[in-house]
Every structure is written in structure tokens, then in C-alpha cells.
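Just below is one structure, and these are the notes that go with it.
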Amino acid sequence: MDFQIYLGCLVVGLVFTLLSTFFGHLFGGGHDGHVGGSGGHAEAGDNGSDMPGVSALSPTVITSFVTVFGGLGLIFHEFPGTQSPYLSAPLALAGAVLGATVILWLMRQVFSHTQSSSESKVSELLGAEADIISPIPADGVGEIAYVTGGSRYTAPAREAQGLSLTAGTQVRIVRIVGSQFYVARG
């Protein structure tokens, strides 16, 4: 019976991986389209940082766990010393936890390196210089442009004291609340 459980886990994990790769390539590759909007970024994750992350409960990590559990269970089941399910199951479980942890760590490393090179942290923008590109009326909202990480960005902005500023004025970013930037002269 334990042989069938291990084999089932291995097959389910491999089939899920193959199907998600195949169908993800056919139907999930919407990278050539663009959805219009405000130009902002939507991010998700639960790794406690400012960047998107990979959850320990992501399908990739769960599938890795199931696949490694099944594969190691089959291997341990074939050796006479670990053939008993009382030995093969805990060993396969420990190996699956280790394998899924390694996969999770690798994926987080990849995402942290790719995200940190293209996205700046909001706290690093405080004190940065910006130019008013759309006038800011008194107690109103205009638009600024700033450069960080070698890329130019725009954002809605208010003058910190509620004053008006004309286009072309150079300012400093003094506060950020949500997607709203507050600026002040020089």
C-alpha cells in the first residue's frame, strides 16, 4: 500500500508540473499584452519586505514537496533496511521538507535579485530631487518626475505646505503616503 502512495505522489507531482508548464506556456504567457491604467505597480507577497515574494504555500513549493516525498518514498521502499513505512515515510517526509525548503529559498533568491535591481524602495526616495512636470495648485495635486536606479518615474504630488508650484520647478521629495508624494522646494 505504501508503494502506491509514494508512486501516486510522484506521478501527481510530475503530472502537475508538466501540465502547468504546458498550459502556462499556452495560456498564461500574457507578457506581450499591456493593460492600461495609472502606471502604478501592484505587488503581492508575504515575505515581510517591500517586494513581491514567493509563499511557502505556492503551488510550485507544494508540488515540489509532493514530488520529492513520492520519489524518496519509492527509493526508501526499495531498500530492505528502510522498506517499512515506519522508516520510509518519515525519511521521505524529512527529505520532502528539505527539498521544498531548498526550492523556496532558490525562488526567493531569484525574485529578490531581479526585483531589487528594478524596483527602488520607497524609503530611499525621501530627499530625492524631482521636477514638477504638471503644475501643483494650492492644496491640489500635480505631477512630478524623478530618477532612481537609472530609470525615470512619474508620480502624483502635492506641495507639503499646500502651496502652488509651477511646472519646471525643482523640488525634493519629503514624504510619501500611499501613492501620493509630498514635495518641497530645494
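The numbers here are math on the coordinates, done by the rules we state, and not lab data. Predicted, not measured: the structure shown is a model, and the values here were computed from it. Note that each Cβ is placed from the backbone with ideal geometry, even for glycine, and that neighbours are counted across all protein chains shown.
Shown is the FRET efficiency for Leu98 and Val11, computed with R0 = 35 Å from the Cβ-Cβ distance and rounded to the nearest 0.05: 0.95. Taking 0.36 nm per residue of separation and subtracting the current Cα-Cα distance, fully stretching the chain between Tyr153 and Leu19 would add 44.4 nm. Using only C-alpha atoms and all pairs of different ones, pull out the Kirkwood radius for region 122-185 in Å with one decimal. About 11.2 Å, per the Kirkwood formula over Cα pairs.
Among Phe3, Phe181, Phe65, Phe23, the ranking by other beta carbons within 10 Å of each residue's beta carbon, starting with the fewest, stands as Phe23, Phe3, Phe65, Phe181. The modelled label-to-label distance between Ala184 and Thr60, using points 7 Å beyond Cα along the C-beta direction, is 4.4 nm. Each of Ser20, Ser64 was scored by other Cβ atoms within 10 Å of its Cβ. Arranged with the fewest first, they read Ser20, Ser64. In this simple spin-label approximation, Glu129 and Ile176 carry label points 7 Å from Cα along the Cα→Cβ vector, and these lie 1.9 nm apart. List the relative contact order of region 122-185 as a percent without decimals, with contacts defined as Cα pairs under 8 Å and 6+ residues apart. Dividing the mean separation by the residue count of region 122-185 yields 35 percent.
For region 50-105, the normalised intensity computed at q = 0.22 Å⁻¹ comes to -0.74 (log10 of I(q)/I(0), Debye sum over alpha carbons, equal scatterers, no solvent).
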